[in-house]
1. Taking Cα Rg over 2.2 N^0.38 Å straight from the coordinates, which label in (i) 1.48; (ii) 1.02; (iii) 1.59 is the correct one?
2. What number comes out for the charge environment of Asn119, summing +1 per Lys or Arg and -1 per Asp or Glu over other residues with Cβ under 13 Å away?
3. Highest mean first, what order results for 81-94, 98-111 on Cβ atoms within 10 Å?
4. Which order do peptides 42-54, 21-33 fall in by mean Cβ count within 10 Å, highest first?
5. Please state the charge dipole magnitude for the chain, taken about the Cα centre, from unit charges on C-beta atoms (+1 on K and R, -1 on D and E), reported in debye and rounded to the nearest 20.
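What follows draws every value from the coordinates through simple rules; no lab data is involved. These numbers were taken from a predicted model, which means no experiment stands behind them. Neighbour counts are summed over all protein chains in view; Cβ atoms, including those assigned to glycine, are modelled from backbone coordinates with ideal geometry.
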Amino acid sequence: MHYQDLDTILSTTNRLPFDDNDLRNLKEYMKMSRGKGYDISLAPSLSGDTEAFQEALSQGFIILKSDMLDTSFLFIKVNGGTGIFGGQKKKIISFIGSPSEFTPGHVFNKFIIALTAINNIYRG
């Protein structure tokens, strides 16, 4: 597998900021995952620092982690082009790995679907 660090990934993606709806989805997912016994949380670099978390959202990335799985999940919101009626399309690129190195995962059309894909790893 080919691993890349966060700076390399950020320098090669045309990102869009996460919006309030994405943040709402993240909060709901975190609540649901705790209810199922999953230990998904924000990466330590983002969890204790509101300013760092807001900066990451504005730069179009979020890092989550699971100590139980010993894995980190990186989600990047990217420009997906223009729709047929001229609207902005968005994609979510997922990465999986350690806190410092990631390998590409799947591409999703919606952030909530990208988040719920983590559940498949717990079931596996």
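1. Answer by label: (ii).
2. Working: positive: Arg34, Lys36, Arg123; negative: Asp39.
So the surrounding residues net to +2.
3. Most protected by this proxy first, the peptides run 98-111, 81-94.
4. Values: 42-54: 13.8, 21-33: 15.4.
Packing proxy ranking, top to bottom: 21-33, 42-54.
5. Numbers: 13 positive and 13 negative charges, 135 e Å.
Charge dipole, the chain, about its Cα centre: 660 debye, nearest 20.
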